[in-house]
Amino acid sequence: MTKDEEVGTAPAGKKRRAAPRRTRGAGPATAEKARPAAPRFAKPLTVASMLGWTLLSVLVPGAAHLRAGHRRTGLALIGVYAAILVTVLAIVLINGTEVGVYIGWTTGITIALAAGALAWFALLLASYIALRPGRLSQMGQIVSGVAVGILGVAVMSPFALTAELVRSGEDAIQQIFPSGEKDPDIAPVKQEDPWNGRDRVNFLLVGGDGAGNREGVRTDSMTVASVHVQTGNTVLFSLPRNLQHVRFPPGTPMGKHFPNGFQAELPNGGLLNEVWQFANDNPQAAGGRNKGPRVLMDAIGHTLGLKIDYYALINMYGFAHLVDAIGGLKIRVDQDIKWGGLYGTAGTIKAGFQVLSGEEALWYGRSRVGSDDFSRMARQRCVIGAFAQQATPVKVLSNFKGIAAAAKRMASTNIPQDLLEHLVNLAVKVKGGRITSLQFVPPEFYSGRPDWVKIRKASAKAISDSLKPARTTQVAQASGGPGTASGTPSPSPTRTAAGPTQTPTRNTNKSAKSLSELCGL
């Protein structure tokens, strides 16, 4: 073999092709150009740094993949996460503070939460694997693996908790609000006009004495909340439990049975807090079985010259649990209030600004030791006003499970489930509106000799005043209550009264007062 043959000299007339330089370990496909080295960590990861990047991936999906050199995957995860955040933000900005209550969505929401929990757990696991824990020592792999397992459980816990809250909420709603047979006196709920063209909605709030040693329903506290739909401005009308011989709307069964007033033949009887139980005990007089709520709504509505749309009966002791669920109520106590027994031996609520527990708030509104029913009524409206102001959305959401459990103690209501979405939105307006209060107590109003015309005129004036701009009303001048509302008086507060046209007692043009002034809220 010649030298030329040894070096691979090309035959004459042909151009010699240089032999390619081969790289150790390289195959034919990489003979001309070596493949770039795979991305490497800038610095070897420790157990702590690996867990840190894994945890960061839960908050910023894709961070661990970027750290591991998987740029496309990391950027894709970040992009999807950003799109979800932008979508949620857009929904919040579009809807504002509007809140919806959608019954029947529990199954769908629960499935979505389960999918979210699994997806976040898978993201955590994928992030950990992308960081290549195999590079750690055997002890490091064990420690990091156990830690990631614990993180996985922690990541899934919020989804499980939210699902439990959703389930508790629907369970409470199903128990409290009717969904089957509709009350024939309630108009169907229309999504486009849930209040059926009304500019004012009236709710009767009844506090029932649920003590185990008493039979039947004793309505010890009766308050009407008249809410202006547009502004949320609300007037609270408190009626004494011993208001005698109330009248019923003409033409109703009870109106025919008691044409001169409820048990007018009894000089010291026929109290307002007996109407509900009488109707339930005497269906022949009330026009049917279980007509107690409807009869009481008719009687109070006729007394005030309003149409009562809905009612809610709350057990007193259930309300105490509700107060505890939001962390108590801050109330200005004007003087020491003793409670328990005949002489207030159970305890004393001291004067001054106090944060009352559920039991204390209950007895603050119920105690008659050293006072009377009318003083108790004044304290009850302060409790209601304090709850309306202090049950903020943050408190409700943070204590939702306890509130749902306490709400189940509500005895009954005729508010249909279809109305809840709109009722929640109305409650948001009430919190931003002005709340005033008027109670029918001596010396202005005598419960033993009620002046029905005077009561109706005072009710109409309180409603009219609540719609005037705050700077022009007597209420605003006295207290500077929160919120500013404008509007025009309702064309008619649904007058139902029939009777004398002149009041037999002196009319001092009394109107409602701000709860800020009355209760120091």
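If the condition is being open to solvent by 20 Å² or more (accessible area, probe 1.4 Å), under 43 Å from the mean Cα position of the chain (by Cα) and without any contact (Cβ under 8 Å) to a residue 60 or more places away in the chain, then the range 140-152 contributes G145, V146, G149, I150.
Quick one: would you say A147 is modelled with pLDDT under 90 and assigned to a helix (DSSP H, G or I)? Answer is no for this residue. Exactly one condition in (1) open to solvent by 10 Å² or more (accessible area, probe 1.4 Å); (2) touching a Phe, Trp or Tyr at 6+ places or on another chain (Cβ under 6 Å); (3) of a type outside the set (D, E, K, R); (4) at pLDDT 85 or above is false for G292; which is it? The number of the failed condition is (1).
Under 22 Å from C519 (Cα atoms) and crowded, with 21+ Cβ neighbours inside 10 Å, is that true of I308? So I308 does not fit the description; no. Selection of first residues in the range 277-295 that are closer than 18 Å to Y311 by Cα and of second residues that are of a type in the set (V, I, T) and surrounded by 14 or more Cβ atoms within 10 Å (Cβ to Cβ), restricted to Cβ pairs under 7 Å at least 6 apart or on distinct chains, gives the following pairs, ordered by first then second residue: Q277/V217; A279/V295; A286/V295; G292/V217; V295/V275. Residues of the range 235-271 that are over 13 Å from I300 (Cβ atoms), open to solvent by less than 10 Å² (accessible area, probe 1.4 Å), part of a loop (DSSP other than H, G, I, E, B) and in contact (Cβ under 8 Å) with a residue 24 or more places away in the chain: G270 alone. Pairs linking a residue in the range 333-350 that is within 10 Å of V369 (Cα to Cα) to a residue that is open to solvent by less than 30 Å² (accessible area, probe 1.4 Å) and modelled with pLDDT of 85 or more, with Cβ atoms under 6 Å and 6 or more positions apart or on different chains, are I337/I349; I337/Y364. Taking the criterion of being part of a helix (DSSP H, G or I) and crowded, with 17+ Cβ neighbours inside 10 Å, the residues of the range 127-139 that qualify are S127, Y128, A130, P133. Scanning the range 299-329 for residues that are assigned to a helix (DSSP H, G or I) and either at pLDDT below 95 or among the polar types (S, T, N, Q) (or both) yields T303, M316, Y317, G318, F319, A320, H321, L322, V323, D324, A325.
The helices (runs of 4 or more DSSP H) found wholly in the range 1-94 and carrying at least 1 residues that are under 18 Å from A122 (Cβ atoms) and either of a type in the set (K, R) or at pLDDT below 90 (or both) occupy 47-59, 63-67. Filtering the range 422-473 to residues that are within 12 Å of T231 (Cα to Cα) and among the charged types (D, E, K, R) leaves K429, K431, R434, K468.
Is it the case that the range 505-515 has a residue that's modelled with pLDDT of 50 or more, under 23 Å from the mean Cα position of the chain (by Cα) and closer than 30 Å to Y317 by Cα? Yes; the residues of the range 505-515 include at least one that is modelled with pLDDT of 50 or more, under 23 Å from the mean Cα position of the chain (by Cα) and closer than 30 Å to Y317 by Cα. Scanning the range 272-280 for residues that are modelled with pLDDT of 90 or more and open to solvent by 70 Å² or more (accessible area, probe 1.4 Å) turns up at least one hit.
Would you be able to say whether some residue in the range 330-339 is open to solvent by less than 60 Å² (accessible area, probe 1.4 Å) and not in a strand (DSSP E or B)? The answer is no, given that none of the residues of the range 330-339 is open to solvent by less than 60 Å² (accessible area, probe 1.4 Å) and not in a strand (DSSP E or B).
The values are calculated or read from the model by the stated rules, or taken from the named source; none is laboratory data. It should be emphasised that the depicted structure is a prediction, and the values quoted were computed from it without experimental measurement. With ideal geometry, Cβ positions are generated from the backbone for all residues, glycine too; neighbour counts draw on all protein chains shown. For the accessible areas, the whole protein counts, side chains as well, though only heavy atoms, and no ligand, DNA or RNA atoms are used. Shrake-Rupley method; radii C 1.70, N 1.55, O 1.52, S 1.80 Å.
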